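Engineer: Handing you a structure now.
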Amino acid sequence: MDLASRLLLLLEVSELGSFTKVAEHRNVNRSAISKQIVRLEQELGVQLLNRTTRALSLTVAGTEMVSQAIHLRDLLNNSIRLAENYHSEPRGELKISSSTLFGRQYVQQAILKFQVLYPDIRVELLLEDRMVDIVGEGFDLGFRIGKPKESNLMSKQIARNRLLIVAAPEFIEKYGLATTIPKLENMPAVVYSAQGLLIDRFQYLDNSGNEEYFQLNPSYKVNDVEMLINTVLDGNMLTVITAQMVENEILEGKLVPIMTHINLTDYGTFYAVYPHRNAPLKTKLFLDTIKEIVGENVPIWETRIPNFDKMYGRS
């Protein structure tokens, strides 16, 4: 490992916060990371990290070196990106991050199609529902709900993602059809819940166009969006989902949209995010591929919900 590689390793340690996390990320032994940092300190003749039994922290010199490493990483990434744009065919690696369900449904499809078209591209896909640091973790491309707030990221709109309220026919037979907000709020529901996040309150517009909210009555909280659908299919609870989560359950009559007369506020829009304004050719081509799969104007998931364009205040 040369000096530049060790500087980049120091940057990774500072971003991830420990030798152990870097070792897990690189799939190497923790001692190998520690030895390389010691070697870097010996080469530079300064201490870069304060080490305790509980934590690592940068020294003043370490902070300066990390700043230099950030510039080095940017320079290397830009050099690779510029060189790739001179290739007649895209090649190299494409590292992608996506939320879990969207990744399984659509990013995976796009990757399989993309690699048939461009076999010289090696793709790595990370499926996680956390907010991934696109630049810091070295991703070329990420897919998120909502426009990014980070000033160092570019974004491209992929498709809208609207809300709907669903129940199984067995649920409606058992509890009756919800026709008012109070009745909806009293019915048992399954909702998404993760550490520090509970999604059980949703916005709608009343007849005067004023913002109002309804609160579901959670009988079950779960941190997996696919479990929302599976639970509702069992017929004992209703839920609010995004249109993107629907496969063929509504077409097959297994789920029924309810309370379609209320004006639900849209959940958000899928965006692709990437680090550079002038994205490399491989990134641009992958974006073209996923747009073909998702759909240009009306996203493919809305075609699986008959008359969806007339529901929830959209007529």
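Engineer: What are the extents of the Cα atoms of the stretch 3-84 along their three principal axes, listed from largest to smallest and rounded to whole Å?
Structural biologist: Ordered largest first, the stretch 3-84 gives principal extents of 43, 28, 19 Å.
Engineer: Hey, could you grab the Kirkwood Rh for the chain? Inverse mean 1/r over distinct alpha carbon pairs, Å, one decimal.
Structural biologist: Final number for the Kirkwood radius of the chain is 22.6 Å.
Engineer: Note down the magnitude of the dipole of the stretch 163-265 about its Cα centre, charges +1 on Lys and Arg C-beta and -1 on Asp and Glu C-beta and zero elsewhere, to the nearest 20 debye.
Structural biologist: Charge dipole of the stretch 163-265: 180 debye, to the nearest 20.
Engineer: To the nearest whole percent, what portion of all C-alpha pairs in the stretch 163-265 is separated by more than 21 angstrom?
Structural biologist: Looking at the stretch 163-265, the distances longer than 21 Å represent 29 percent of pairs.
Engineer: Looking at GLN203, VAL191, ALA69, which one has the Cα that reaches farthest to the positive end of the dipole of the chain (charges on Cβ: Lys, Arg +1; Asp, Glu -1)?
Structural biologist: ALA69
Engineer: Over the chain, calculate the relative contact order: mean separation of alpha carbon pairs under 8 Å at least 6 apart, over the residue count, as a percent.
Structural biologist: Reported as a whole number, the value is 20 percent.
Engineer: Where does each of VAL135, VAL116, VAL38 land when they are ranked from fewest to most other beta-carbon atoms within 10 angstrom?
Structural biologist: VAL116, VAL38, VAL135
Engineer: Starting from the stretch 1-109, pick out the chymotrypsin sites (Phe, Trp or Tyr not before Pro) whose DSSP state is loop and whose Cβ has at most 14 other Cβ atoms within 10 Å.
Structural biologist: TYR86
Engineer: Kirkwood hydrodynamic radius for the stretch 216-285: how many Å is it when counted over pairs of different Cα atoms?
Structural biologist: Computed over Cα pairs of the stretch 216-285, the Kirkwood hydrodynamic radius comes out at 15.3 Å.
Engineer: Next question, about the same structure. Across all directions of projection, what mean area in square nanometres is found for the Cα convex hull of the stretch 245-315?
Structural biologist: One quarter of the hull surface, i.e. the mean projection, equals 6.2 nm².
Engineer: Rounded to the nearest 20 debye, what is the charge dipole size of the chain about its Cα centre when +1 sits on each Lys and Arg Cβ and -1 on each Asp and Glu Cβ?
Structural biologist: My answer is approximately 540 debye.
Engineer: What residues qualify as long-range amide H neighbours of VAL135, i.e. H under 5 Å apart, gap of 5 or more or another chain, H built at 1.01 Å from N?
Structural biologist: Distant-sequence amide H within range of VAL135: zero hits.
Engineer: What fraction of the DSSP beta bridges in the stretch 129-277 is antiparallel, stated in percent and rounded to the nearest 5?
Structural biologist: Taking every DSSP beta bridge with both residues in the stretch 129-277, the antiparallel ones total about 80 percent.
Engineer: Return the loop-located trypsin sites (Lys or Arg not before Pro) in the stretch 1-66 (DSSP other than H, G, I, E, B) with at most 14 other Cβ atoms within 10 Å of their own Cβ; answer none if there are none.
Structural biologist: ARG54
No lab work stands behind these numbers, since they all come straight from the coordinates. In this text, all values refer to a predicted model and were calculated from it rather than measured experimentally. Using ideal geometry, Cβ is built from the backbone for each residue, glycine included, and neighbour counts are taken over all protein chains shown.
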